[in-house]
Amino acid sequence: MKKAIARILGLILAFAAGEVKSQLTEIQRTPEADFQTGIFYIQQNMYGAARDVFTRLLDDNKNLTADQRLNAEYYRAIAAVQMLHPDGEFLLEKFIQDYETSAKANEARLYMGDFLFKNRQYKRAVKYYQQADWTLMNAAERAKIQFQYGYSLFSTDDQDGAEKQFAAVKDGKSQYAAPALYYYAYICYMKERYDEALVNFEKLRNDKNFGGMVPYYLAHIYYKKGEYDKLLAVGKEILEGDEPARASEIAKLVADAYYRRKDYKNALTYYTKFLEKGGKPSQTDYYEIGYTYYQLGKYSEAVQFFNKITNAREEIAQNAHYMLGDCYLKLGMRQEAAGAFKAAARSDKNLEVQEDAFYNFVKINYTETSPFQNPIEAAEEYLKLFPQSRHSKEINRLLASLYSNSSDYARAAVALEQAGLDSPEMREAWQRVQYFLGVRSYTSRQYAQAITHFKRSLEQPLNPRFTALAYYWMGETYYQLMEYDAALNAFNQFASTPQASLLAEFPNHYYNKAYCYLKKQQFAQAATEFRKFLTEKNLTAARRRDALLRTGDAYMMINQFELAQDFYSCAEAAGADPDYTRFQRALALGLLNKNDEKIQVLRKLIESSSNDNTRAAARMELGNTWLLVDRFTEAAGAFDEFIKFHPRHPQVRRALMSKALALKNARRFDEALTILKNLVAQYPESPEAAEAIGFARIIYAETNRMGEYVDWVDRNKLGNISRGQLDSSLYNNAYELYSMQRWQEAAQGFDEYLRRFPEGIFVQRAENFMADSYWRLNRRADAVQIYERIASKPNHAYFENASMRAGSYYFDQKDWPSARRMYQQIADLSNARESNRHIAENQLLRIAYQMGDWNECQNLADQILQRRDLDQALSQEATFYRALALFNRQQQALAVADFETLARSGSGIYKAESMYYLALHYYIQQRYSDSKKLVYYLVEDFPENIQLRDRALILLARNFIAERDYFQADFSLDFVIKSNSSPDLVNEARALKNDIKNFTQKK
């Protein structure tokens, strides 16, 4: 086209040969001169000046000939296009429309196509090439236009149109033949016409521009066609050159060729080169590299590549997981192998692989701890999915063994029910499983559930040992439920069961029966059972001491005081609390009328005891004993000492009354009256105040001073006898309803009493019994309002009980600050009953744990663990809370010591939680193998605690992430998400999965 334009320009310029310079300077202008000037400017690439000339020519000359106007508009449009002026294409389009039939219009289309092609505006270029007529062009010009048109089509994804244009040019002699041939061959390659592509690419082998690219395409085509010998020849030729740009790509093709020929050694060489040259492996590449390492026996390396296949298409993932499992097996990593086989078994893309993977998982799961599925469930699921499997008999044998030995008792019970109890082996397995479920429920304090399991165990009494044990623990459970008759019956059934006498529990059944009789206040039977227990061998020191004490107590209750003394002495010799034994001996001596001996024992007890409560009780009893033997001065002195040394004791008012009685009997009437008057003034609402008024009347009457009595009563408004009678009558009526357990009516009666007599004689008792009535009616909130009032008065007779009740209510409501306030009052009360103080301290420990007060938690746990004869369950609980407090206070060594103790010899939730924290400790210390091992044990031993299991699995995943075992980590987290035991745990698992994804993508 440019030659055509040049010929036109040459003709025009011929008219003005030699005259150009003079025309440029000539003042007078003519259309011919302007036209020649414009052409000159175009030749000099001065398109702006040319455009101005042609525009002026068209505007100033209205009488231009048609040819002149056509040529002027044409060149003005071309100048505008070359200037990239916004109206350039518009002017050319307008020219084409105005002169559609002229030869110049066709030239304009070709010119515009050429211009747009050079500016890479291929889509617009296509439009002009399609409108142009090429018939008058010579072969060279036509080849150029067809190539440019073809390339424009190719660039706009019209491969069919491009192929047609390239085909017309590729076999010619023009300069465009080679590039047309290249693109034609490329289109054949893309359309998978590999043979045709090969023929055409081969023609370019020696082309200086395209010859270097041909081998790459040949390599790909040979790969696609499976002609691996040719591929290897071409690929090696490329790779032996000077650092080829696409070395990683070719190395992978060569590696794949060797892989498909099962030449894994050479395959690994080129896969390594592929990675070294910066290749980006696909999921399929990871599988093939991993399989190559596997075939060469390099299992650790294979694991690294199989591990990377987490989001591949399912069939690749299934195969990769299966191979990963086999690698782990060969490396002796059986737990990890179980996870990989389980993952492969979840896919049904390849049923043969699925079955074999599941079979391997079941076998591993039988011998190793797996957190991913209960072994019974796994075996049952396998038989359900593959009932005709060649492994069915083997799996059934495993299943029978699992039923008998499983520690996942809840799931084992369900599995046994589903399988059916149609054989002695299955029925005995049921008996064992239900027994262990019962024991586990008992240790978790789920007593009603425990009874259910023990009864189910007894439905299949095949094994005498488990029959006896079920009766024994049923008795223990009934005792906790305060169903003492049922407990006694169970213990008797235990004793009559064959083999019971051979069990370690046998001596304890006497001990437990004795306690049942104590609770039933059948003291003679209790003493008999305790004595049977004491004849047994190998008793623990704590239980022997307690049995001696309780035997003494029982004999005391049936007035066999000599025997009581003997047992208290034995208990003290065995290491029992000397305060208690000596005090009880003193009481027995008094009941035997050996009051002199009793007084000596009490005096020694006051001197030797370090317990304030014991000294208080001894002083009170000493005063009462002096009274009994008519030694009134000594009695008054004893009561004086009680009041002096124990001024806040609840018995102070009673001591005052007793002292007044001693003084009265000693005929020291005025001193007695002074005490009684002070008591009434200081404690006007107490029952003792009412008693003191009556006692004072007796003294005044005996001394013939009734006038003084009347003056005292009138002066202090104490003498309304009829109101006092009404007070007593109204209170007694409410109390009678209370004693008949008519709680609703009793509460109403006490309420009426308190409204009528807000300062009555029985106010404190009425408040307590009214609160207790509401409590029994399960109107706990109403009861606690009253208990709060009582608990705000430290001198209230029922202060201790009210604080305990209110504390238990707030604890159940999880109102930790209020519960702490109530229990702390008991813990701080110097004369609180020891049992209540212990309960309060226990609850304060649990509250400190709930509130995260680790200092308090540790202090309370230490305090509880120092108690004598501490219950085993409470000892474990306190040890666990102390360990947790130490752990959170960064005292790791001490915490670990406690956790290890519980993990080794503890039971229930405290053993399980301790194992978890030990695993966490090992993870923090980067002892990943130790941490994982503990998690496996934890999940196996406590599978029914779903949230703890899922916490442990998340910790397991963190261990795997630290070891860069991303498959195992991902698989563990999937299990947590599927379990959905807690939104927090699911969110944590998802966040970790996302971290794994981001990390592997970066790699």
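Take the conditions under 55 Å from the mean Cα position of the chain (by Cα) and not acidic (D, E) and apply them to A526. Does it pass? Yes: the conditions hold for A526. When you check Y128 against the structure, is it touching a Gly at 6+ places or on another chain (Cβ under 9 Å), surrounded by 22 or more Cβ atoms within 10 Å (Cβ to Cβ) and farther than 24 Å from K173 by Cα, yes or no? Yes.
I want to confirm something. Restricting to the range 978-990 and keeping residues that are hydrophobic (A, V, I, L, M, F, W, C) and under 17 Å from Y923 (Cβ atoms), which single residue is surrounded by the fewest Cβ atoms within 10 Å (Cβ to Cβ)? Ranking the qualifying residues of the range 978-990, first place goes to L985.
For the range 670-677, does any single residue satisfy the condition of being farther than 27 Å from H796 by Cβ, outside any helix (DSSP H, G or I), of a type outside the set (A, V, I, L, M) and at pLDDT 90 or above? No, the range 670-677 contains no residue that is farther than 27 Å from H796 by Cβ, outside any helix (DSSP H, G or I), of a type outside the set (A, V, I, L, M) and at pLDDT 90 or above.
In the range 179-189, is there at least one residue being surrounded by 22 or more Cβ atoms within 10 Å (Cβ to Cβ), touching a residue at least 12 places away in the same chain (Cβ under 8 Å) and closer than 30 Å to Q295 by Cα? No. Residues in the range 752-784 that are in contact with a helix residue (DSSP H, G or I) (Cβ under 6 Å, 6 or more places away or on another chain) and outside any loop (DSSP other than H, G, I, E, B): 15 in all.
For the range 430-468, give me each residue that is aliphatic (A, V, I, L, M) and more than 22 Å from V414 (Cα to Cα). If the condition is that a residue be aliphatic (A, V, I, L, M) and more than 22 Å from V414 (Cα to Cα), then A468 is the only one that fits.
Sub-7 Å Cβ pairs linking a first residue in the range 904-916 that is surrounded by 21 or more Cβ atoms within 10 Å (Cβ to Cβ) to a second residue that is among the aromatic types (F, W, Y), at least 6 apart or interchain, are Y910/F880; A912/F942; E913/F880; S914/F880; S914/F899; M915/Y937, ordered by first then second residue. Residues in the range 441-470 that are closer than 18 Å to E505 by Cβ and not in a helix (DSSP H, G or I): 2 in all. Run A500 past the list (1) at pLDDT below 90; (2) within 22 Å of T467 (Cα to Cα); (3) of a type in the set (A, V, I, L, M) and report the number of the one that doesn't hold. Only one criterion is unmet by A500, namely (1). The C-beta contact set for the range 783-796 (first residue within 11 Å of E767 (Cβ to Cβ), second residue in a loop (DSSP other than H, G, I, E, B), distance under 6 angstrom, 6+ apart or interchain) comprises I790/H796; I790/Y798. Residues in the range 922-941 that are buried (at least 20 other Cβ atoms within 10 Å of the Cβ) and over 13 Å from F372 (Cα atoms): Y922, Y923, S931, K932, L934. Have a look at F971, F975, F967, F960 and point out the one that is at pLDDT 85 or above, buried (at least 19 other Cβ atoms within 10 Å of the Cβ) and among the aromatic types (F, W, Y). Exactly one residue qualifies, and that residue is F960.
In summary, helices (runs of 4 or more DSSP H) completely within the range 471-549 and bearing 3 or more residues that are free of Cβ contacts under 8 Å to residues at least 40 places away in the same chain, under 24 Å from T581 (Cα atoms) and not hydrophobic (A, V, I, L, M, F, W, C) occur at 506-519, 523-534. If you filter the range 347-391 down to residues that are acidic (D, E) and part of a loop (DSSP other than H, G, I, E, B), you find that the one that is modelled with the lowest pLDDT is E368. From the list K236, K203, the lone residue that is buried (at least 17 other Cβ atoms within 10 Å of the Cβ) and of a type outside the set (V, I, T) is K203. All of (1) closer than 28 Å to Y129 by Cβ; (2) at pLDDT 80 or above hold for L84 with one exception: (2).
The helices (runs of 4 or more DSSP H) found entirely in the range 29-99 that carry 1 or more residues being under 24 Å from L116 (Cβ atoms) and touching a Lys or Arg at 6+ places or on another chain (Cβ under 6 Å) are 47-60, 66-82. Test A564 against the stated conditions and say whether it is outside any helix (DSSP H, G or I) and either under 59 Å from the mean Cα position of the chain (by Cα) or modelled with pLDDT under 85 (or both). Considered against the rule, which asks whether it is outside any helix (DSSP H, G or I) and either under 59 Å from the mean Cα position of the chain (by Cα) or modelled with pLDDT under 85 (or both), A564 comes out as no. The condition of being in contact (Cβ under 8 Å) with a residue 12 or more places away in the chain and in contact with a Lys or Arg (Cβ under 9 Å, 6 or more places away or on another chain) does not hold for Y223. Within the range 792-832, if we keep just the residues that are basic (K, R) and assigned to a helix (DSSP H, G or I), the residue that is modelled with the lowest pLDDT turns out to be R805. The set of residues in the range 925-938 being farther than 16 Å from R334 by Cα and among the hydrophobic types (A, V, I, L, M, F, W, C) consists of L938 alone.
The values are calculated or read from the model by the stated rules, or taken from the named source; none is laboratory data. These numbers come from a predicted model, not from an experiment. Cβ atoms come from the backbone with ideal geometry, glycine included; neighbour counts cover every protein chain shown.
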